[in-house]
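Bear in mind these aren't lab numbers, they're just calculated from the coordinates by the rules spelled out. Remember, it's a predicted structure, so these values are computed and weren't measured experimentally. In this analysis, Cβ positions are derived from the backbone assuming ideal geometry, glycine residues included, and neighbour counts consider all displayed protein chains.
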Ligand SMILES: Cc1cc2nc3c(=O)[nH]c(=O)nc-3n(C[C@H](O)[C@H](O)[C@H](O)COP(=O)(O)OP(=O)(O)OC[C@H]3O[C@@H](n4cnc5c(N)ncnc54)[C@H](O)[C@@H]3O)c2cc1C
């Protein structure tokens, strides 16, 4: 079994893992993704917060 390790489970790492999952033969390749955090949050709307333009209902 070949092992491919992705360092960083942020935007680039999670996209790469999902992409390679479809491209590589999973009987031949094991994909591991390593991060110091257990969760990754991606919400483009977060950008409204530092610029103080969020308008909650
Ligand atoms: C509030 C906000 C809103 C944004 N909105 C948008 C948007 O609308 N559209 C857009 O295109 N972009 C947006 N961005 C930018 C976008 O989030 C970044 O460009 C993108 O996340 C970069 O991806 P990355 O994989 O390089 O880094 P990250 O997503 O930051 O991932 C890096 C990962 O590496 C891990 N890591 C780092 N060092 C170590 C270590 N030593 N050991 C283990 N793990 C480690 C981190 O925990 C992290 O999970 C926004 C950013 C912010 C802050």
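Report, in degrees rounded to the nearest 10, the 0 to 90 angle that the Cα long axis of helix 11-23 makes with the longest principal axis of the chain.
Helix 11-23 sits roughly 40 degrees off the main axis of the chain.
Per-residue counts of other Cβ atoms within 10 Å, averaged by peptide: what ranking do you get for 45-54, 14-23, highest first?
On the way: 45-54: 9.0, 14-23: 12.0.
Going from most to least packed, we get 14-23, 45-54.
Restricting to DSSP H runs of at least four residues, report the calculated mean residue ellipticity at 222 nm for the chain, -39500 (n - 2.57) per run over all residues, nearest 500 deg cm²/dmol.
Details: 1 runs with 13 residues, N = 57.
Mean residue ellipticity, 222 nm, calculated: -7000 deg cm²/dmol.
Could you work out the relative contact order of the chain? I mean the mean sequence separation of Cα pairs under 8 Å and 6+ apart, divided by the number of residues, in percent.
On the way: 45 pairs, mean separation 24.1, N = 57.
Across the chain, relative contact order equals 42 percent.
Can you give me the convex hull volume of the Cα atoms of the chain, divided per residue and expressed in Å³? List each step's numbers first, then the result.
On the way: hull volume 6.4 nm³, N = 57.
Taking the convex hull of the Cα positions in the chain, it is 113 Å³ per residue.
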